[in-house]
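Okay, so here's the structure we're looking at.
The values are calculated or read from the model by the stated rules, or taken from the named source; none is laboratory data. All figures in this text were calculated on a predicted structure; none of them were measured in a lab. Heads up, the Cβs are rebuilt from the backbone with ideal geometry, glycines too, and the neighbour counts pull from every protein chain shown. For the accessible areas, the whole protein counts, side chains as well, though only heavy atoms, and no ligand, DNA or RNA atoms are used. Shrake-Rupley method; radii C 1.70, N 1.55, O 1.52, S 1.80 Å.
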Amino acid sequence: MNRYSEVILGVLVIVLLLLSYSFWHQIRFISRAQTMSAGRFEFFTLKHGGVLTANDAAYIEPWMTFDFVSVVFKVPAAYLQSRLQISDSRYPRVTISRYSRSANLDVNSVTIKVRNAVRAYLTATTTSARQ
């Protein structure tokens, strides 16, 4: 190998190591955030005896899939899809954040819209169950 090839190979190895470290660090951060959020959900489901209310919609976070939100809050996936006008073929097995990015929408705005849709559904079904 000539000197030029050795330098290029060395630079590529260093770049690969830096990218690997960065990827590992991001995975650790995401994993920790999901664990904390999942822990909060477990607390609230236990606190309410497994039944979440419209007020608990505040705990919906971008890492959650629409399917997860649908199951945990007992909101039909078709309701969320219709209410939020989602046409993504991955729905409901796509996270709120991934859907937002692919649709070029603000993640926080979409998360708020999901929370509001869940609140509206739970409020309407709770109200109609009382009547």
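Within region 103-115, does at least one residue satisfy the condition of being touching a Lys or Arg at 6+ places or on another chain (Cβ under 6 Å), open to solvent by less than 40 Å² (accessible area, probe 1.4 Å), at negative phi and not aromatic (Phe, Trp, Tyr)? I'd like the intermediate steps shown before the answer.
Going residue by residue through region 103-115, those that are touching a Lys or Arg at 6+ places or on another chain (Cβ under 6 Å) are none.
Within region 103-115 (the criterion being touching a Lys or Arg at 6+ places or on another chain (Cβ under 6 Å), open to solvent by less than 40 Å² (accessible area, probe 1.4 Å), at negative phi and not aromatic (Phe, Trp, Tyr)), the answer is no, since none of the residues qualifies.
Which one of 83, 90 is open to solvent by 70 Å² or more (accessible area, probe 1.4 Å) and over 17 Å from residue 54 (Cβ atoms)?
Among 83, 90, only 90 is open to solvent by 70 Å² or more (accessible area, probe 1.4 Å) and over 17 Å from residue 54 (Cβ atoms).
Can you list the helices (runs of 4 or more DSSP H) lying wholly within region 51-131 that have 3 or more residues being over 30 Å from residue 27 (Cβ atoms)?
77-84, 107-130
Criterion first (surrounded by fewer than 14 Cβ atoms within 10 Å (Cβ to Cβ) and β-branched (Val, Ile, Thr)) does residue 71 satisfy it? Talk me through it step by step, then tell me what you get.
Numbers: surrounded by fewer than 14 Cβ atoms within 10 Å (Cβ to Cβ): yes; β-branched (Val, Ile, Thr): yes.
For residue 71, the condition - surrounded by fewer than 14 Cβ atoms within 10 Å (Cβ to Cβ) and β-branched (Val, Ile, Thr) - is met.
When only residues in region 114-131 that are hydroxyl-bearing (Ser, Thr, Tyr) and at pLDDT 90 or above count, which is nearest to residue 84 (Cα to Cα)?
121
Kindly indicate whether any position in region 72-81 is at pLDDT 90 or above and among the polar types (S, T, N, Q).
Looking through region 72-81, at least one residue is at pLDDT 90 or above and among the polar types (S, T, N, Q).
Quick check on region 57-68. Is at least one of its residues in contact (Cβ under 8 Å) with a residue 60 or more places away in the chain and surrounded by 19 or more Cβ atoms within 10 Å (Cβ to Cβ)?
Residues of region 57-68 in contact (Cβ under 8 Å) with a residue 60 or more places away in the chain: 57.
Keeping just the survivors that are surrounded by 19 or more Cβ atoms within 10 Å (Cβ to Cβ) gives 57.
Yes: one or more hits.
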